[in-house]
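Taken together, the values in this text are just the output of simple stated rules run on the coordinates, not laboratory data. Remember, predicted model here, so these are calculated numbers, not experimental data. Here the Cβ positions follow ideal geometry from the backbone for every residue, glycine too, while neighbour counts run over all protein chains shown.
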Amino acid sequence: MNRSPFHLPPAHARRARAQAGRGWITVLVICVLLAAGGAFFVYRADEMRQEAATKKGARGGPGAQGRPTPVSVARAKTADVSVFLAALGTVNPLHLVTVKSRVDGQLLRVLFREGQMVQAGELLAEIDPRPFEVQLAQAEGQLSRDEALLRNARTDLERYELLYKQDSIALQQVTTQQALVRQYEGVIKVDQAAIDNARLQLSYTRIAAPIAGRIGLRQVDSGNMVRASDANGLAVITQLAPIGVVFTIPEDDLPAVMKKLRAGERLPVQVYDRAGSKRLASGELLTVDNQIDPATGTVKLKAQFANADSGLFPNQFVNVKMLVEVRRGATVVPTAAIQRGTPGTFVYAVNEDRSATVRKVALGPVEGETVAVQGVAPEELVVVDGADRLREGARVLLPGDEPQAAPKGKGKGGKGKGAKDGKGATDGKGAKMPPGD
């Protein structure tokens, strides 16, 4: 039987398939290498084009020796800068009193309106006085009885003394009567104290405001029984004018504050709302706490405010600024001029030839939109807008300066063509360039 040349033995077939597989792998590897080489050359060509474009921009781009960069500038000034300590504070009333009953009884009347302003001594509530009036009457009756006994004892003593002088009675009887008179005199004092106590308890049935301020919500209604042991009381009165603010500062700032206080200086304090944008009141530092909190490394301070307009409310959260120093004749620049980078903190100063130079500065206190700096002379121009496009020695264009024309290119005849139609310049070969190039 004749075999076809395409029908190989099994061993030969396996070798043929293996050789075909290795051939395909070789072709695949060659394709991958060719693709990688092409990608590398394309990437390298792009890099070369970017380098060429960068060099061209360095010769004639914005901020280089070609066209200057438009910027906004401000002039450094000499001013007095206030140094403030900023802190977070809480409004606390100077006095806060819980109005309570000092006797037990039924609440007859509540004479205050919730939230009203009350004066010291103003009547707020009244408790049923009848039980205390009865106690007063009993004490007064007891006093009358004992006074009668005392008068009788004194009369007997006078008679006994007369009889003793006539040698009619013994001295012991006179001495006994004298002791009885002194005993009744002591009873009279006890009775008088009982009367005073009953009158005092009766006065407690009329509850008056102990301080002036704003009274809070009523805790008990008329008709209820009130007791001296009640924790909530009838209401709470808070003093609003003047009022205090408690805030904390770091312990590192404490020596400067104590130095001012020891010198007898008054430190002004201003408080702002939660956002820190609206000033609520102005006052002065009242006192400093006697110890530093070891957990936070801060110390508490208390300031006082007149609060005539009730702009501050108890337990209100506020931002506090305390003036501790005024630096006279400091050099200030806008905070927008401050840049931060590899050199540290710096500004771009503008020279007379309209070139920008990097000037390292040391920052001082900030006040509003300005900051005190060291490293810039007064009246020197600094860049406040456009600094991100500048570098050392870059040319700048200030507001009001005349823009400089772009350098003309050269054609074959050695002369370039000017602007066409007022839309843009042309290169040396007559091709139009976009405006600003």
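Count charges around GLU251 for me, please; just the other residues with Cβ under 12 Å from its Cβ, Lys/Arg as +1, Asp/Glu as -1. Here the count lands on -3.
What the Cβ-Cβ distance of GLU392 and LEU96 gives, at R0 = 60 Å and to the nearest 0.05, is a FRET efficiency of 0.45.
Taking packing as the residue-averaged number of other Cβ atoms within 10 angstrom, the listed peptides 84-97, 157-170 run from highest to lowest as 84-97, 157-170. Straightening the chain between VAL190 and GLU147 buys 14.3 nm, computed as 0.36 nm per residue apart minus the Cα-Cα spacing.
Applying 1/(1 + (r/R0)^6) with r as the Cβ-Cβ distance of ALA208 and ASP252 and R0 = 60 angstrom yields a FRET efficiency of 0.80. Once the chain from LEU123 to THR357 is taken as fully extended at 0.36 nm per residue, the excess over their C-alpha distance is 76.7 nm.
Under the simplified labelling scheme, the ARG328-CYS31 pair shows an inter-label distance of 8.6 nm, with each label point 7 Å from Cα along Cα→Cβ. Restricting region 277-324 to trypsin sites (Lys or Arg not before Pro) that sit in a DSSP loop and have at most 16 other Cβ atoms within 10 Å of their own Cβ leaves LYS278.
With the simple spin-label model, which puts each label point 7 Å out from Cα in the Cβ direction, the GLU133 to GLU114 separation comes to 3.2 nm. Counted by Cβ distance under 15 Å from LEU107, the other residues give a net charge of +2, where Lys and Arg count +1 and Asp and Glu count -1. Taking each pair of distinct Cα atoms in region 308-374 once, what is the resulting Kirkwood hydrodynamic radius in Å? Value: 15.1 Å, from the Cα pair sum.
For region 99-236, the relative contact order works out to 51 percent when only alpha carbon pairs closer than 8 Å and six or more residues apart are counted. The modelled label-to-label distance between THR342 and PHE317, using points 7 Å beyond Cα along the C-beta direction, is 4.3 nm. As a ratio to 2.2 N^0.38 Å, the alpha-carbon radius of gyration computed for region 99-236 takes the value 1.70. Can you work out the FRET efficiency for the pair ALA86 and ASN224, with r the C-beta to C-beta distance and R0 = 35 Å, to the nearest 0.05? So, using R0 = 35 Å, E works out to roughly 0.10. Length gained on full extension, ASP309 to GLU161, computed as 0.36 nm times the residue gap minus the Cα-Cα distance: 45.6 nm.
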